[in-house]
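Student: Input: one structure, supplied below.
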Amino acid sequence: MEKSNLPPSEDSRRELSALDADFIRVLEDLIEALLANGTLRLTDLPPRALEKLSQRKRVRERVRGSLDLIDDDEELL
């Protein structure tokens, strides 16, 4: 098949971005699993990778906290 010289459509770019975001989440989960079972240690990661993982984890926790609709001190029915 011949390679096209046309730029990718905006829809294709959006789709690729969405797939990238999903794939990044899969990689984060994989890294967490490897850390949890001892296959990987934090010290095995390059400093920049560790920094990026830490930043994403902090942001995810902030977002998760802002979406918490049930007060932890409230009793459930």
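Student: What length, rounded to one decimal in nm, is gained on full extension from Asp20 through to Leu42, with 0.36 nm per residue of separation minus their alpha-carbon distance? Could the numbers behind the result be given before it?
Tutor: Values: separation 22, 0.36 × 22 = 7.92 nm, distance 2.34 nm.
So the chain would gain 5.6 nm between Asp20 and Leu42.
Student: Still on this structure: Ignoring ligands and nucleic acids, what accessible area does Ser66 show with a 1.4 Å probe (Å², nearest 10)?
Tutor: 90
The values are calculated or read from the model by the stated rules, or taken from the named source; none is laboratory data. Predicted model, so just to flag it, every value in this text is computed and none were measured. Protein only, heavy atoms only, side chains kept; ligands, DNA and RNA dropped before computing areas. Shrake-Rupley method; radii C 1.70, N 1.55, O 1.52, S 1.80 Å.
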